[in-house]
Amino acid sequence: MKRTASAVWSGGLKDGKGTISTGSGTLKDTRYGFAMRFENEPGTNPEELIAAAHAGCFAMALSAELGQAGMVPARLAVTATVTLEKTDAGFTVTRSDLDLVAGIPGADTAAFEKAAAAAKAGCPISRLLNAEITLVAKLES
């Protein structure tokens, strides 16, 4: 299975402008640029898209792990925070911090924690990233 996305960039680094599109059409000519990436101007950037991909991938992987353990989540709320830092090698995504709040009726805490750890390690986006990945998982009662 392959998925595609494309980017078009025009101009210099700081004054240039770009657009990102996905093969599915969900994103179509979505603007991005230097100020959106480094100066908090509203808009998206590659790191935000990686964070969204990681949060979504982890939630699906956790749902699968929970199903194998006989649990069905009512709600999995995942936030991924991706850190971009300047290193000796240049700007690098150094970590992705996952924050999970899970509502799982009748959940066994130990089985939940085992499933969350397996999903963190096994989600395809986790395996893609060459960065530290942390997880804070909370089970609501």
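Considering the conditions (1) surrounded by 14 or more Cβ atoms within 10 Å (Cβ to Cβ); (2) under 27 Å from ASP15 (Cα atoms); (3) without any contact (Cβ under 8 Å) to a residue 24 or more places away in the chain, GLU41 is excluded by exactly one of them, (1). When we screen ALA107, ALA117 for residues that are out of contact with any Phe, Trp or Tyr (no Cβ under 6 Å at 6 or more places or on another chain), crowded, with 17+ Cβ neighbours inside 10 Å and either free of Cβ contacts under 8 Å to residues at least 24 places away in the same chain or farther than 28 Å from SER21 by Cα (or both), the only hit is ALA107.
Among the residues of region 122-141, just one is small (Gly, Ala, Ser) and under 11 Å from the mean Cα position of the chain (by Cα), namely SER126. Report, by residue number, each residue of region 87-103 that is farther than 15 Å from LEU135 by Cα and within 22 Å of the chain's Cα centre (by Cα). Hits for region 87-103 are THR87, GLY90, PHE91, THR92, VAL93, GLY103. Within region 120-132, being in contact (Cβ under 8 Å) with a residue 60 or more places away in the chain and not small (Gly, Ala, Ser) holds for LYS120, CYS123, PRO124, ILE125, LEU129.
Bear in mind that the values in this text are calculations on the coordinates, not laboratory data. Computed from a prediction, not measured in an experiment: that's the story for all the values here. Note: ideal-geometry Cβ built from the backbone for every residue, glycine included; neighbour counts use all protein chains shown.
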